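These notes are about the structure you will find just below.
The values are calculated or read from the model by the stated rules, or taken from the named source; none is laboratory data. Just so we're clear, the structure is a prediction, and the values are computed from it rather than from any experiment. Here the Cβ positions follow ideal geometry from the backbone for every residue, glycine too, while neighbour counts run over all protein chains shown. Ligands, DNA and RNA are stripped out before the accessible areas are found, and what is left, the full protein with its side chains, is counted by its heavy atoms. Shrake-Rupley method; radii C 1.70, N 1.55, O 1.52, S 1.80 Å.
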Amino acid sequence: MAQCAQSVQEFVQDSFVPTVAVLCSADAERVTRRNNLSFPELLRPFCRLTSEGHLRDPNNLVVVVKGLRISVTGVNTQPLQPGEVRKLLSQAVSGCQPPEGLPANVVTAGDYDLNISATTPWFEAYRENFLQSMPASDHEFLNHYLACMLVVSSREAAPTEQFQRLSQEQHRVQHSGEYTHPKWFIPNTLKYYVLLHDISDGDEQRADSVYEDMKQRYGTQCCYLLKINSRAAAAGPAEQMPDPWSQYLQKSRAQSPVSPAVLSDALSESHPLELDQTSNLGYPGNPSVAVNSIDTSRKQGGLPASSTPVAHGACLTLNDHDRIRQFIQEFTFRGLLPHIEKNIRQLNDQLVSRKGLSRSLFSATKKWFGGGKVPEKSIAELKNTAGLLYPPEAPELQIRKMADLCFLVQHYELAYSCYHTAKKDFLSDQAMLYAAGALEMAAMSAFLQSGAPRPYPAHYMETAIQTYRDVCKNMVLAERCALFSAEVLKSQVKYSEAAALLIKMTSEDSDLRSALLLEQAAHCFINMRSPMVRKFAFHMILSGHRFSKAGQKRHALRCYCQAMQVYKGKGWTLAEDHINFTIGRQSFTLRQPENAIAAFRHILINDSKQVATQQSAFLREYLYVYKSVSQSSSDVTLPQLPLPCLHSAQTRVFFGHERRLAEGEKQAATHVWLDQEYDGEQAQLWAELEEQVVGVANKGSVPIGFQPTQYCLSCHTDNLRYPLAVVEEPIIVEVVFRNPLKVPLALAELSLLWKFTPKDFSRPPGGVPGEALSNEKEVTALNDIISTEVIPEFTIGPEETKVARLQLLPHKTGELQVLSVLYSLGTVEEDNGTTSRPTFVRGRQDLEIQGPRLNTTKEEKTSVRHGPDHRLDPVITPPMPLLEVFFINFPTGLLCGEIRKAWVEFVNVSAVPLTGLRVASTHPEFFTFGCAASDLTPVTPTASEHCSAYKTMATPPSVAATMLVSPAMFGVSGDDRPTVAEIPLVGGGLGPGEALQIPLWLRGPDREGVHEINFLFYYESVEKNANHRVLRHKAFICASRSLSVRATACHSNTLPRRGGAEEEGGSSMLVFVDVENINTSEAGVREFHIVQVSSSSRQWRLHTCINPTGDRDSRLASRERGKLCFRATRCRTQEGETHARKYTFADLNLGNEQIVSSTTPCADFFFRRGSPSEAQKGGVSVGGANHTRRQSLTPAGGADDGVTGVVQKCSEVELNIIVLWKAYVVEDNKQLILEGQLHVALQTVGKEACSVPQKEEAQEMVLLKFKPDQPPPVSRPTLEQLSRLIKTCLHYPESYDHPFPQKSLCMVPVTLTLSNCSLAQVDVIIDLRHKTTSPESLEVHGTFTWLGQTQYKLQLRPHEVQRLVLKACFFQAGVYNLGTPRVFAKMAQAGTMCETSQQSSMPALIVINSV
Amino acid sequence: MALVGSWLYNICLAVVCVVPTQNELKFHYTVHTSLDVVEEKVSAVGKALPDQRELYLGLLYPTEDYKVYGYVTNSKVKFVIVVDSSNTSLRDNEIRSMFRKLHSSFTDVMCNPFYNPGDTIQSKSFDSIVSAMMVQSS
């Protein structure tokens, strides 16, 4: 129970006070009326006595009466009808609201901190009014009139007669039995004669004389001359007087400040009968009585008294106040208290005298006779006795009367004993109503006894309440009893009992009472030693519910709000929703729409567990409330809407035009678009490409502040800087909406809200920025500055997440800030024939994006801080060039190595020229724009559709045509592949609106599969200091297998013929090219034709085709394999070092058309081929080193490295074979001819090279190594390599006829040609003595002997060829192998090395015929 | 019958009803209010020997239509079972064993490393155990 202003004792005492009736003459009434007051009202503020009174009890003990209050009312005041009581109480409660801004009481219980109003003044008001409106009852006398004041004005013509008449009147009212209502305590009521004198008006002497007369007639104790109105009314309000009446009258009369008139009307209307009575029937000819009624007086006084707060007591001075106070005191001490004392004595005497006889006899007989009767008494009978009425003079009532008197004068001890006795009597009589009353008062007086504290008999109260309620069916009395009891229990810190008591008193018959009591019970729970917060909350809700049923909306709202504090955020969603919903409704009806909206918001925002229908009801209610609010308020800023949820962090911003789709054959560059998901790797890749191209554009150095261009900003990108947007280019903002409800939502007129500060970037910086503009008032009002796109309709399904793309198009430069999303929210109306448009409300949701969490410094690590995010704050820059790229005839599938010619169109769609167009790609080997030297004939793409991509010349197949080409011509410098290519534009740039188509050659990747190829086009403005821009394109190419080319090179043993045109140094080589059709799609590709084989090398060139077969056009059907043999010769090297960098292209066409391989595109692709062989080469060398046999070589010295190089050079070839093919493909019953080229790089003699890159599966699993690798052994020339230093060749006649019979010895001249393959001087030892040791050879060949010198020592210069003429001697005919000479070679410089046996030449068989 | 696991801060973890839509709001209120009684009972037992405290609190209070039983684990997680007062088949012992079962399955949920303490429980096995228990008892 909440705290009260009064203490319990005060409260109880004030509730039971002596009541005094007033009977006033008409003249006297008129006197008081001058103050706008009736006589009882006049006295009311002074009814509390400030001094102590004394009286003696029957035992002659002095009883001190402290702070006594008396109640003075007009004799005719009627008890209110129950309906009026209800109305009065309800007005009392609604008129008393919690004060605004009062510091609320904070209760901390467990985890809860609750703001609770500490006091409940409305409850106290209710209680006071309730107790005042208690009807007088027969079973108790506490509010019966003890005395009656007879008031007569001194102006009366005959005051004494008037007193006489009033006295008779009083007697008639009390004793005639005509009136049931005013109940009188004792038959001989104290009459107190008051002569009212108006000082300003009347004759004072006359008044005094009348008073003297009265004193003589009625005795001094019963008379009083009250002089008032010492001030003329006309003096008016000049002097400010305290108005002690206002608080009393306000409370009693004008409870409801809103409509006091209504109240007074209601009161007067409900008393028509009474009015008639008073004026006509009740007191005929006595108008003075009638005036006592408040209502009548009000009627007479006119309405002003009620409608405007009239100053009361205008004619009274402070002296008058004192006089009145003194009058009351006099009345009480000299009139009332002695009267009471006298009566107590009388009653006591009566009782004592009767006690011995009648009462005991009475009870004895009762016991005597009643003993047998008791069991027969049924419940029904008992109930009957509840309504039992004692006659007024019954002895049981006398004792109760005495008790009441004692209680009124605060003699609680005596009162208790009397009540106790009375209770026993009543109980034995089964007079339940009386008993309950006695019990109640006994408990009260026990509680109030100050002396020997008797334990408070709570069970008395309980019994009393129960009896009142259940037996007597008198809820009013029960309620009074409960109120007292609860208050007492509260004062004794028995909160739970008090709560239980209060809760028990709630019932269906009065919502207001139930609500108030439940609220008090809730306060009891919270005030307990361990506060029961949840019970508090629950009862608050019950109370709020009852309040709302009782029409007390404000109180209901307050209750719900207080309960909300407990339920908030604890996961009790249903309860929370319910409370929020109620709060919303109540707030709305109380015209607090902001609160209503906030409450409804809560229901909708959180993930609601309600069913769909409930949610849609919530939503409709919310929209309705919202709409009525927004209509009423004229606020410029639109309010925030709760739905749908806006995922601000997922907002993406895109700068640029929407991507154009393919137009026919034209295929636009993919660029960047919102549909693409963010991919970190891709972004990294693009950033690297951009860095490369920027590096190239800036002549090798990347600017310090380089940042990759970002067209699409999302939560993944770095948004620390303000993004740049270009004027007249759209900005598209993608916002993500989520509908948390199970009902669809409709949004309308969706658009963006922005703020824009115009700024002219062409002026020097530091200028005053323009005024910030915003489209808040009208969405499209500022379309000349920034066009705002409006989406008219946007529906989100139940629990759906949907994106909306909103566009802005800036027309001026400056700084833009996208603030929020504007839209109208509505429900989706099911089509059930209703024509009403669903309600839409306008609102906004701000886009607040939190940057990434900072985590660098210590403070940032320990606290949660977020960086800025500027993705929604673009800077609008002056116009920049804008490039669009279209690809024409761009294939999606290619054979490996296939060459296709496509076209690319560059369009400058901006109004600014662009320049410096470059392209970077992840696959530079995939495409080429041709070399600068090649003539870019502006052939339209359609014209050249079916022509070959190659440049051809009609030449019959013959010896290879050669051409010397420098790689620099093709933009290749050094060994690295160029990733950035400059695009040759006519005039170096594109003017505004210009378009340019240039050819593009594509070559299918060597590896089969799907290839993702990224192009990054770079361009910049003509102006300096302007930023560059990029355009991205991503192409997917599906490569399918075509041909596999394997090539091997061998040293040819034949030495070039002497004197030949191609004679140079005598080195030649055989190249074997194996071509296999490995295409798997039999349906598509019918066959491959090898059209031409070209070579490209700095040292070697293909010379002639030495294919044994005449099959020139070398056709390869599926899975067929063909072999081609070529002879390669060394190029001329006499031109010197400058030509060393140049490549010799040699074309050997197999058909009648020669493809000029040294031009675009063949050479382009050759130079862009990349070098997959690099890795292979490394692998080989390592492998070779590993196989080095530790022979008797001395440890390698410093010179060995040079030797190694020289030796390795010897077997190196560095010959690139380009195989050009044509494929015949059937597609849609049409035959197509596709062309392509494959590259094979030959590096080592004897080592096979392949066009299809070998899959390096070995790399997949790399063993973890815990020990460092052993340093690779010092590379030294292997034996095999060393054995290839010298090429030997025997020249001799194939068969030799010799007449053995004539001459037994046959001498055959044989020439041994020694050719130094290396670039160093070589010492050679030729040993002829060596014999073949294998027995096999002995069998086959007979023996022969070399004649002459058997060992030669020679020194050969680099590439020198020497011939030795030897003689072989045969003894008989036969076949001999001449290949017996062993050749040992040694590098001339490497003195420490041994000679190595050189590879023996082929078996050289000679046939010796005998003739 | 309704059922609640309630974490340290009395945040509602789960409310399960036999008939989901029937008066669910009322159960929310009832169970929430019963936490006061639980707290009172727990504090009445005292803090002397928290380990040996009886977890089962017995009948918390009867309302007009329901009987409310409570159970508190050592980590102060509260279980509340609300039984129709007309249901006489469920005695104290049955209720106690129901709580035991509930506690063990709740422990299993807590042992799930992917469960965040304080979240609403979304476990199929827990749900099935609870609903089996409720079907059986009702």
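Quick notes
- Residue-averaged beta-carbon neighbours from other chains (10 angstrom radius) around A:723-736: 0
- Förster radius 25 Å - calculated FRET efficiency between residue A:459 and residue A:61, Cβ distance, rounded to 0.05: 0.25
- Per-residue SASA entry for residue A:691, accessible area with 1.4 Å probe, Å² rounded to 10: 80
- Measuring only protein heavy atoms, the 1.4 Å probe finds residue A:1143 accessible over about 30 Å².
- For residue A:899, nonlocal amide neighbours, meaning residues 5 or more places apart or on other chains whose placed amide H falls under 5 Å from its own, are A:1004, A:1235, A:1236, A:1237.
- Rounded FRET efficiency, nearest 0.05, which uses the C-beta distance separating residue A:724 from residue B:44 and R0 of 51 Å: 0.15
- The residues A:191, B:41, sorted by heavy-atom accessible surface at 1.4 Å with ligands and nucleic acids left out, run B:41, A:191 from largest to smallest.
- Once the C-beta distance of residue B:112 and residue A:181 is scaled by a Förster radius of 56 Å, the resulting FRET efficiency is 0.15 to the nearest 0.05.
- Pairs with C-alpha atoms separated by more than 24 Å, drawn from the list A:755/A:802; A:87/A:191; A:490/A:535; A:535/A:742; B:67/B:101; A:490/B:26, are A:755/A:802; A:87/A:191; A:535/A:742; A:490/B:26.
- Ranked order, A:50, B:73 - accessible area, probe 1.4 Å, largest first: A:50, B:73
- Per-residue mean of foreign Cβ neighbours for A:531-541 is 4 (Cβ atoms of other chains, 10 Å radius).
- Averaged over A:575-581, number of beta-carbon atoms from partner chains that fall within 10 Å: 3
- Annotation for the B:A interface, with buried accessible surface near 1900 Å², both sides summed [1.4 Å probe; non-protein components not counted].
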